[in-house]
Structures are given as C-alpha cells and as structure tokens.
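**Q** Questions regarding the structure given below will be posed in turn.
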Amino acid sequence: MTRTQIGEIDLRSGTLVVVDFGCLSLFGSSPTEVRATLDTALAGDGTEARVGALAFVVARGLPTGRFAVTSARLDDGEYEGTRRDVTVELRDGETARTVALGTMLVDTARVGLFDREALAEWNEHEPSDGLADVAFWGGDEDEVARRFGVGRIAEGVYGRENLPYAEAVELGRALHALRESRELRFAFDFRPHTHPFHLLAQIRAREDEAGTIELGGLTSCGLMTTWGDGWFPVELDVDAAERPLRLRVVFDTEQAEETLDAVDA
C-alpha cells in the first residue's frame, strides 16, 4: 500500500473540522453566515456535529502548526487505486490506542480538512476575481455547443472560462432554459470563482485528486474520496501519554465497498 503526501494543513485553533466541502453552502452564503453557523454547530465539546442533514466530525485539542496530509491507495485487488484513507500527520510516535471520533456524511464525493478559524472564512458565492466559468457535457452536447458557439475548455468538456460574472450568469440562464425545455439532453455547471471553484480546479488538474487553499492565512486541504458518497469513520491515534499522533478518515470500509459495487452494477 503506497502512502504519499497530497497536501498540508495549518492548525491555529487546535480544532480540526472534517466535512464534505461540497455541502458547505448549507453553512451560509457569506463568511459571516458560515462563522455563525459553525459556532452554533460546534458549541459544546462533542466530536460529531450537524448542520441540517449534513453530519461532520470535529477534533479538538490538537497541536498547532503546519502538518502534512498523506493518503494511501490500495495497490491491488478489486478496488485497486482507490484511497485506503487520508491522514493528518500530527507528530511522530507509537500508537497506544485509536479513538473513534465519529462518522462523517459525504454527499458530493469530496472531503475537506479545515482549521476552525480557516473554515470561518469560506466564501461559497462571491467570486474573488469577478469571473465565472460555465461548463456542459453529455447527451446532445455537440448540438448545444453549436448553438452557443462555444468550444471545449481545459478539462475537455464544452464551455466558456473566465467570463465576467454577469455574462456567465446570462449564459447559465440560457443553458438552464434550454435544458428545462427538454429539447436537448445535457448537464451543465455554473462555476463562479469562489473558494470551492479554486479548490476543485486543483483537484481536477492533479493526478492525486487533491488540492490546498488558503483561508484567512491558513492552508486547508480538499480531496476526492475516490469511493463516491457514503458514511466514513474518522479516528485519532494517540500515544501512551494521550498525545494526538495522527487523524485519519477511513474510506476503504465494508459499507463503501458495498456501495461502490452497487453503483458499478
């Protein structure tokens, strides 16, 4: 089983939030709303938290500093190439016991690792540069592209990149109207240049399907599960003195294998 470093994370508060960053719109449309929602969700000292139906995990009392994020993939067998886990390497040491922190719900096939203070800076809706991309694919994509006079963008699907926000909104609305008419079959995505956009752009471009983003001066890490959606356990290795050594999200579970088999079938 091969383990490689896929990113880094800064911990300033000592509290790490492990959450599906594709669902962070549930926290609010601005950093102010996100911060208020986060404060409410993390009130108390539990390790499992919820915002609506979204369940996520919080680890408190961790060391501060910058830490490597590593991931191991399965080298062989039926699920070769999928992730075994993603791990935040907090300090060296021998594991005395492993603490189960809880399970997180993934609904968009991705996971984010954020210091609490970094997550409070998350911006889901306002483009940082006033620009947006629009992408579409599938079904009658060639005919759609002909009608709108667009070519393929960097990732290989049709669309337009780096449009002024208002122009991108106009194109998105036109695509939405066409799809709702059911005249042509296709899927499309409106991508303002927000925090999730910048993080996903790295993930799509990198072979290890991971990326980092700076939020409030702190580096955070995001990645694809490679298993799709589901419930994934989060655990913490501690040494004999109860010092945190490694925080780990486990992807290769019996439930994940059953879910992937059902999707493939």
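The values are calculated or read from the model by the stated rules, or taken from the named source; none is laboratory data. Remember, it's a predicted structure, so these values are computed and weren't measured experimentally. Virtual Cβ from ideal backbone geometry, glycine too; neighbours counted across all protein chains shown.
**Q** Pull up region 146-172, narrow it to residues that are in a helix (DSSP H, G or I) and not charged (D, E, K, R), then point me to the one that is surrounded by the most Cβ atoms within 10 Å (Cβ to Cβ).
**A** Of region 146-172, the ones in a helix (DSSP H, G or I) are 146-148, 165-172.
This time we only want the ones that are not charged (D, E, K, R), so: 148, 165-166, 168-169, 171-172.
Working: Phe148: 16, Tyr165: 15, Ala166: 9, Ala168: 23, Val169: 15, Leu171: 20, Gly172: 20.
The extreme case among them is Ala168.
**Q** Tell me, which strands (runs of 3 or more DSSP E) wholly within region 191-265 include 3 or more residues that are surrounded by fewer than 19 Cβ atoms within 10 Å (Cβ to Cβ) and in contact (Cβ under 8 Å) with a residue 40 or more places away in the chain?
**A** Values: elements: 210-215, 218-224, 230-238, 244-250.
Where strands (runs of 3 or more DSSP E) fall fully within region 191-265 and carry at least 3 residues being surrounded by fewer than 19 Cβ atoms within 10 Å (Cβ to Cβ) and in contact (Cβ under 8 Å) with a residue 40 or more places away in the chain, they are 230-238.
**Q** Among the residues of region 257-264, is any out of contact with any His (no Cβ under 9 Å at 6 or more places or on another chain), under 19 Å from Val19 (Cβ atoms) and assigned by TED's automatic domain parsing to the domain that holds Val88? Quick ask: steps written out before the conclusion?
**A** Of the residues in region 257-264, the ones out of contact with any His (no Cβ under 9 Å at 6 or more places or on another chain) are 257-264.
If we keep only those that are under 19 Å from Val19 (Cβ atoms) as well, we get none.
No, that holds for no residue.
**Q** Still on this structure, please answer the following. Quick check on my filter: what residues within region 54-78 are more than 23 Å from Gly211 (Cβ to Cβ) and modelled with pLDDT under 95?
**A** Of the residues in region 54-78, the ones more than 23 Å from Gly211 (Cβ to Cβ) are 55, 60-61, 63, 75-78.
Within region 54-78, Asp75, Asp76, Gly77, Glu78 meet the criteria.
**Q** Continuing with the same structure: With the checklist (1) assigned to a loop (DSSP other than H, G, I, E, B); (2) surrounded by 15 or more Cβ atoms within 10 Å (Cβ to Cβ) in hand, flag the one item Ala43 doesn't pass.
**A** Condition not satisfied by Ala43: (2).
**Q** Something else: Looking at region 173-190 only, could you name the residues that are assigned to a helix (DSSP H, G or I) and either in contact (Cβ under 8 Å) with a residue 40 or more places away in the chain or not assigned by TED's automatic domain parsing to the domain that holds Phe148 (or both)? Walk me through how you get there before you give the answer.
**A** First, the residues of region 173-190 that are assigned to a helix (DSSP H, G or I): 173-181.
The one that is assigned to a helix (DSSP H, G or I) and either in contact (Cβ under 8 Å) with a residue 40 or more places away in the chain or not assigned by TED's automatic domain parsing to the domain that holds Phe148 (or both): Leu175.
Here is a yes/no grid of residues against (1) surrounded by 14 or more Cβ atoms within 10 Å (Cβ to Cβ); (2) of a type in the set (Phe, Trp, Tyr):
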residue: Trp122; (1), (2): yes, yes
residue: Leu131; (1), (2): yes, no
residue: Glu180; (1), (2): no, no
residue: Ala187; (1), (2): no, no
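**Q** Can you say whether Glu143 is part of a helix (DSSP H, G or I), out of contact with any helix residue (DSSP H, G or I) (no Cβ under 6 Å at 6 or more places or on another chain), in contact (Cβ under 8 Å) with a residue 24 or more places away in the chain and not basic (Lys, Arg), as far as the supplied structure shows? Spell out the reasoning first.
**A** On the way: part of a helix (DSSP H, G or I): yes; out of contact with any helix residue (DSSP H, G or I) (no Cβ under 6 Å at 6 or more places or on another chain): yes; in contact (Cβ under 8 Å) with a residue 24 or more places away in the chain: yes; not basic (Lys, Arg): yes.
The answer is yes for Glu143.
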